[in-house]
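Shown next, in structure tokens, is the structure this report addresses.
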Amino acid sequence: MSGQTIAQKIIAAHLLSGDMTPGAEIGLRIDQTLTQDATGTMAYLALENIGIPRVKTEKSLAYIDHNTLQCGFENADDHRYIQSVARKYGVYYSRPGNGICHQVHLERFGKPGKTLIGSDSHTPTAGALGMLAMGAGGMDVAVAMGGGTYYIPMPKMYKVNLTGQLQPWVTAKDISIEILRILTVKGGVGAVIEWGGEGIAQLTVPQRATITNMGAELGATTSIFPSDEVTRAFLKAQGREQDFVPLASDPDAQYDKVIDIDLNALEPVLSCPHSPDNVKKAQDLGGVAVSQVCIGSCTNSSLRDMLRVAAILKGRKIADTVSLSISPGSRQVLSMLADCGALADLIAAGARILECACGPCIGMGFSPASAGVSVRTFNRNFEGRSGTRDANVYLASPEVAAATALTGRITDPRTLGAYPEITMPDHFLVDDGGVIPPAEPEDALALAVDRGPNIKPFPKGEPLPDSMTLPISLKVGDNITTDHIMPAGAKVLPFRSNIPKMAEFCFGVCDDTFPARAIAMGRSCVVGGANYGQGSSREHAALAPLHLGVRAVITKSFARIHVANLINAGILPLTFENPADYDVLQQGDTLTLQNIHAQLPTGRLTAVTGSGKAVALTYPLTERQIAILKAGGLLNYTKEASK
Ligand code: MIC
Ligand code: SF4
């Protein structure tokens, strides 16, 4: 037997069911969970429904970071609900202002060798610590909090070897964008990406985290670094060296794909509108005028990133035509910036300092002007995500962003001269006062949960009928993101715990007549292209269509988390056996599916169009997934199973 990769070692140590053959379903024991507020309300409503009095994980955290605007009572009610439910059920509550979930988790809670799932697609950020960290839908996180198994298809193993040395002004973000150029937004689907090679020794944990964070944009199950002396130094500086365990792949570990990147050859690059894999060099984009620069997000909001930006901006002024926002990733980062004076340098240069939260990344304000150009250090530049439909959003390193803010045009930072030195402290400022522990178990039972009027019950699916005739309520193309299906932003996020209201915005970016049409059709199906559902883990992208009567989604292929969310919601996921059939089906056509129950275990299902043409559909479902679909979703299934 050959040796194991890092991920295979962690999987083997947490394996509850299945065998580790790529593609086969495996069940994992989950050590830690995290939720954020925008997906957290649904996750905790699901947890309440499951009926377990106390979480069973080693540590579960509820972060409030996505919507902190509190314009109107809805958002404040969500926070109050999550705080009360966390207190009662044994979950640590990271209050608004404490920071972005992935940054805080990296700093304070992630542990090498452990498993983590989070109701956010960028949970793999913690892979920078040698943790097997995966994004999941809220219902799956609820089940894991209750001590239940988390199921995924056993991933393939990819390895990226870094050699050489990053040149001045070239950063971890440029590595993240380079791998997107090589693999594309579909290239990591079904794989864990392990980072290694001599080049990783120069990357600190937060730099590694920029890379594991953006592995989500490759569609990867997760990304992971070894736990080595760099990891130990980081944990020590966070005052938690005791959490360190060394972890590396075996020298004879086998990989399905190996990619070599020579760091010496990398240059500052940007992801151009509207996809992270649309890559160009900064020096080739020099003519593009920019009206907004946003620095922060779970990709690039560490102390190191902020200190570097402050050093670049120190003593200079940003261009009159640019609005610059800076959101530090955590209270730790913000406090340390304040203590060392770097915050004052940022303010003096003209930056607008925002709360330690997701902010502009999820369209919570800072939407660019009409047809505006925004350069952001974030991870996603999907159409409409900024809140401005015709905006052009570029993704780049903090260095490129700072240089661009100074000139008002996309700027290769190497034109600024010498790379400013920064000094990283030996110890981070540790104050976990922003994290409120849960009540003791003996006090918890008597505690009430606060529920505001905007918090509606969890939507339930209906048992899968044996035959269905479904009109096609919508046909969309390739790479449809969950930001297309269920947009976010300041107008919609207050309704994350109110699916009927939220469904009014469903597919708004593609076709705002969809919700009314779907309701008028009663039950219907949606047809999509390849990589349908990429991006966010929001299960709202399944629950809102469910509310609108969508019973099946037929595509060329699916993104991992979204297809799991569809099944959990009780919506049938199907793919075309012959991708050319995608062209045969049109919006408004009708599909009839018969003998569904008997056909599902075969992995093949025939649909017949209104004009009598047979369309062969397929999807390899496990027995467990078929049972979930038949029960009308994971919640019904879990309740039935526990009877
Ligand atoms: C995102 O970056 O798209 C989000 C917003 O963090 C989502 C979660 C959500 O929609 O609430 C994600 O990445 O899963
Ligand atoms: Fe928040 Fe943006 Fe990160 Fe999502 S990608 S967790 S919205 S900062």
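For the reader, a short list of remarks on this structure follows.
- Residue count, the stretch 449-486 (criterion: in contact with a strand residue (DSSP E or B) (Cβ under 6 Å, 6 or more places away or on another chain), hydroxyl-bearing (Ser, Thr, Tyr) and under 30 Å from Glu74 (Cβ atoms)): 2
- Between Ser2, Ser60, the distinction of being in contact (Cβ under 8 Å) with a residue 40 or more places away in the chain and assigned to a strand (DSSP E or B) belongs to Ser60 only.
- Complete set of residues in the stretch 613-629 that are of a type in the set (Lys, Arg) and under 26 Å from Leu585 (Cβ atoms): Lys613
- Filtered by the rule that a residue be within 16 Å of ligand 1 (Cβ to nearest atom), surrounded by fewer than 22 Cβ atoms within 10 Å (Cβ to Cβ) and of a type outside the set (Asp, Glu), the stretch 355-385 gives Gly365, Phe366, Ser367.
- Scan of the stretch 356-380 for residues that are away from ligand 2 (no atom under 11 Å from the Cβ) and in contact with a Leu (Cβ under 9 Å, 6 or more places away or on another chain), ordered by number: Gly365, Phe366, Val375
- Among the residues of the stretch 164-176, the one identified as surrounded by fewer than 24 Cβ atoms within 10 Å (Cβ to Cβ) and in contact with a strand residue (DSSP E or B) (Cβ under 8 Å, 6 or more places away or on another chain) is Gly164.
- Checking Ile626 against (1) free of Cβ contacts under 8 Å to residues at least 24 places away in the same chain; (2) assigned to a helix (DSSP H, G or I), the condition it does not meet: (1)
- Any chance Asp589 is of a type in the set (Asp, Glu) and more than 19 Å from Ser467 (Cβ to Cβ): no
- Per this entry, Leu203 is counted among residues that are surrounded by 22 or more Cβ atoms within 10 Å (Cβ to Cβ) and either of a type in the set (Gly, Ala, Ser) or away from ligand 1 (no atom under 16 Å from the Cβ) (or both).
- Unmet requirement for Lys501, which otherwise passes all of (1) within 25 Å of the chain's Cα centre (by Cα); (2) closer than 23 Å to Gly477 by Cβ: (2)
- Condition met for Gly127 (surrounded by 24 or more Cβ atoms within 10 Å (Cβ to Cβ), at pLDDT 95 or above and within 16 Å of ligand 1 (Cβ to nearest atom)): yes
- Within the stretch 131-167, being within 16 Å of ligand 2 (Cβ to nearest atom) and in a loop (DSSP other than H, G, I, E, B) holds for Ala136, Gly137.
- Filtered residues of the stretch 110-127 (kept if within 14 Å of ligand 2 (Cβ to nearest atom) and either part of a helix (DSSP H, G or I) or free of Cβ contacts under 8 Å to residues at least 40 places away in the same chain (or both)): Thr123, Pro124, Thr125, Ala126
- Gly528 vs. criteria in contact (Cβ under 8 Å) with a residue 12 or more places away in the chain and either within 22 Å of Asn636 (Cα to Cα) or of a type in the set (A, V, I, L, M) (or both): no
- Each residue in the stretch 20-34 was checked for being out of contact with any Gly (no Cβ under 7 Å at 6 or more places or on another chain) and either without any contact (Cβ under 8 Å) to a residue 24 or more places away in the chain or outside any loop (DSSP other than H, G, I, E, B) (or both), and 2 pass.
- Looking only at the stretch 11-24, and only at residues there that are out of contact with any Leu (no Cβ under 6 Å at 6 or more places or on another chain) and crowded, with 18+ Cβ neighbours inside 10 Å, the one that is nearest to Leu132 (Cα to Cα): Ile11
- Taking first residues from the stretch 334-348 that are modelled with pLDDT of 95 or more and partners that are of a type in the set (D, E, K, R), the Cβ contacts under 6 Å between residues at least 6 apart in sequence or on separate chains come to Asp345/Lys314.
- Residue that is nearest to Pro437 (Cα to Cα), among those in the stretch 86-101 that are under 23 Å from the mean Cα position of the chain (by Cα) and more than 16 Å from ligand 1 (Cβ to nearest atom): Tyr92
The values are calculated or read from the model by the stated rules, or taken from the named source; none is laboratory data. Predicted, not measured: the structure shown is a model, and the values here were computed from it. Counting neighbours? That spans all protein chains shown, and the Cβs are built from the backbone with ideal geometry, glycine included.
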